[in-house]
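Beneath this line is the structure, given in structure tokens, with notes to follow.
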Amino acid sequence: MKKRKVFIMAYARANVGDDLFIVTLLEKYKDIDFYIGIKEMSFAKAFKEYKNITVIENNEENFAGRIPEKYDAYIYVGGSIFMEGGKVYNLDNECNEFMKKCYNKKIPFFYVSSNFGPYQTQEYFDLAKDTFKYCKDICFRDMYSYKLFQDISTVRYAPDLIFNLENIDDNIQKNTVGISIIDMSIRKNLQKYENTYIECMINNIIKYIEQGKIVYLFSFCKEENDENAIEYIESQIPEQYKHSLKKVYYDGNIKEFVKIYKSMEYMMCCRFHAKIISVALGQKMYILSYSKKIDNVIQDLSLAEKYTNIENLEENTYINLNDFKEVDKEKISQIKEESKNQLLKIDEWYLDIK
């Protein structure tokens, strides 16, 4: 059988969540030859062990000039990829024209595990509606996005693909608290909360250490300044506490990162995929939400009775460890099973071509 060539579009910038998306495809469809465009090779470390992917450096991150027939299918896997004004592979007239060409030439285009928005104009929304008509499948990860486009036959809903992350053997380090840190200075809508967030994190870190805990600060993405935020927070921690403060920076080694992440007894989830991973791994977690996309998933799946929005934080807000909760195991199993449907239509196409 002729091997199929599939081009993956993704935010391939050494970001934990997006790298997990890509690795999930590589491991599931081992008989497909995947190709991906990456800005620079340093972002490709997560894929080096896989023989079924070819990395194309300095590949254009837009649709202009692409030739549909070059590949047998296209998969765009990513979360917040439909933000008006976004830069990487975002909706525009070139995207619309490319989708039409794929549709006319019967080359399937799949969108996997995304959410829609934020958007400001009717023009952007209308362009999305028109573009989605030409896709083979669009599977959103939240009900809000699904309901916006549910009148389009190719639009579906399933929980985020990473919920199906395979659990690993328990190796819990007692008296540990992990915190996934984000940098608010690069997010315009969050900049006004930055100082309060940082002071709150510092205060909580000190209190946890005073309770005899070792605190791990996790960076999910260097490109998005997580490491800078962690370095600054560390610099503000008094010297007598620093022996109980650790840093974990994601460098493309997914398995090692997830292993350390899993070992945390408690996890404070500030990153979107932090909460997804913590649910999948059955951790005691507490969610700090910085956007509607996080609120939507929490509410869709009833993931937490209690969580905190960043905008409601105060410098002295204390996140009590008693409020860190595991999601019910039966519910986790159900969510994992449903999340497999993110790839339902790709599975059907894959079976047809085998």
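A few comments on the model shown:
- The charge dipole of the chain, taken about its Cα centre with unit charges on the Cβ of Lys, Arg, Asp and Glu (plus for the first two, minus for the last two), comes to roughly 1000 debye.
- Segment 29-79: GluC sites (Glu not before Pro) falling in loop per DSSP and having at most 13 other Cβ within 10 Å: E40, E49, E60
- Helices in the chain, meaning DSSP H runs of at least 4 residues, each add -39500 (n - 2.57). Divided by all residues, the mean residue ellipticity at 222 nm is -10000 deg cm²/dmol.
- Inter-label distance for K106 and K87, nm, one decimal - labels placed 7 Å from Cα along Cα-to-Cβ: 4.0 nm
- One chain, two ends: K28 and D126. Fully extended at 0.36 nm per residue, the span grows by 31.9 nm beyond their Cα-Cα distance.
- Distance violations [Cα-Cα > 29 Å] among K3/K147; K51/K188; K39/K147; K5/K101; K147/K192; K2/K87: K3/K147; K51/K188; K39/K147; K147/K192; K2/K87
- Cα centroid of segment 277-303 to Cα centroid of segment 32-64, whole Å: 30 Å
- For segment 34-158, with all protein chains in place and a probe radius of 1.4 Å, 48% of the accessible heavy-atom surface sits on carbon or sulfur.
- As a length-normalised measure over Cα pairs under 8 Å and 6 or more apart, the relative contact order of segment 174-296 settles at 31 percent.
- Accessible area per residue, Å², the chain with all protein chains present, probe 1.4 Å: 46 Å²
- Label positions at N58 and Q150, each projected 7 Å from the Cα along the C-beta direction, are separated by 4.8 nm.
- Using alpha-carbon coordinates, inclination of helix 93-104 to the longest axis of the chain, degrees: 50 degrees
- Of the residues Y157, V6, F140, the one whose Cα sits farthest toward the positive end of the charge dipole of the chain, with +1 on the Cβ of Lys and Arg and -1 on the Cβ of Asp and Glu, is V6.
- Rg in Å to one decimal, and Dmax rounded to a whole Å, for the chain via C-alpha atoms: 20.5, 66
The values are calculated or read from the model by the stated rules, or taken from the named source; none is laboratory data. Keep in mind that this is a model prediction, so the values were computed, not measured. Here the Cβ is made from the backbone with ideal geometry for all residues, glycine too, and neighbour counts use every protein chain on show. In case anyone asks, the SASA skips ligands and DNA or RNA and just uses the protein heavy atoms, side chains included. Shrake-Rupley method; radii C 1.70, N 1.55, O 1.52, S 1.80 Å.
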